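K.L.:
Sharing a structure below in structure tokens format, with a few things to ask.
The values are calculated or read from the model by the stated rules, or taken from the named source; none is laboratory data. Model, not experiment: these values are computed from the prediction. A quick note on method: Cβ atoms are made from the backbone with ideal geometry, for glycine too, and the neighbour counts reach across all protein chains shown. The protein model used for the area step is the full one, side chains on, heavy atoms only, and it has no ligands, DNA or RNA in it. Shrake-Rupley method; radii C 1.70, N 1.55, O 1.52, S 1.80 Å.
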Amino acid sequence: MSKLIKKVAIATLVTTGALSAAFTAYAGKQDKWILEYVYMSGSTVVGEQVINQCTGSVFNSGQVTSNKVLVASEPCSYDDSNNR
């Protein structure tokens, strides 16, 4: 009987550890975003920047100015399959 209790306890700990790791990975992604900015010169868009916090990449194109405006954002966990 003691061996059965020990096996159940080990299985429970392994399962709890796996679930904890999965929830931690999911929670980490929830705080990250894909951000799209435009660089402005007066009222004209002269450049663009996309910061993908999900992958850690940054894309720039055009001219970089001090006037940077956020135009779009979405969380890493966004699923647009229902919007098609």
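K.L.:
On the first, second and third principal axes, largest extent first, how far apart are the outermost C-alpha atoms of the range 33-75 in Å?
P.N.:
Ordered largest first, the range 33-75 gives principal extents of 31, 15, 12 Å.
K.L.:
Report the local net charge at Y39: Lys and Arg +1, Asp and Glu -1, summed over other residues whose C-beta lies under 11 Å from its C-beta.
P.N.:
0
K.L.:
Return one whole number: the accessible area per residue of the range 33-75 in Å², for a 1.4 Å probe.
P.N.:
Per residue, the range 33-75 has an accessible area of 62 Å².
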